[in-house]
Amino acid sequence: MEQDFEPLKNRLREICGRLDEDEKLYFSPLIENFKGQTQEFQRIMRDLGKFGEKIGEGSTFKVCREVQHLFDDAFRKNK
């Protein structure tokens, strides 16, 4: 089950690498402790919105949509 979420976690790690040091200290444990629960994912998405343009080149919405699709794909595999 958790291996299905590895593509998502890898993408979140890439995003985390773009953050400031204090943001990394906060966000890294959320990624590493992620077990695939919807509640956990909602918290991650909320925080991505707070980080704004730091999470990727171009549109923040596009990055968030990509992350959402990775979660949805893994979540479907686990049903």
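The values are calculated or read from the model by the stated rules, or taken from the named source; none is laboratory data. None of the values given here were measured: they were computed from a predicted structure. Cβ: placed from backbone, ideal geometry, glycine included. Neighbour counts: every protein chain shown. The protein model used for the area step is the full one, side chains on, heavy atoms only, and it has no ligands, DNA or RNA in it. Shrake-Rupley method; radii C 1.70, N 1.55, O 1.52, S 1.80 Å.
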| Subset of region 25-60 that is charged (D, E, K, R) and assigned to a helix (DSSP H, G or I) - its residue that is least open to solvent (accessible area, probe 1.4 Å) | ASP47
| message | Contact list please: Cβ distance under 8 Å, first residue in region 48-63 and of a type in the set (Val, Ile, Thr), second residue assigned to a helix (DSSP H, G or I) and open to solvent by 70 Å² or more (accessible area, probe 1.4 Å), pairs at least six apart or on different chains. | response | THR60/GLU53
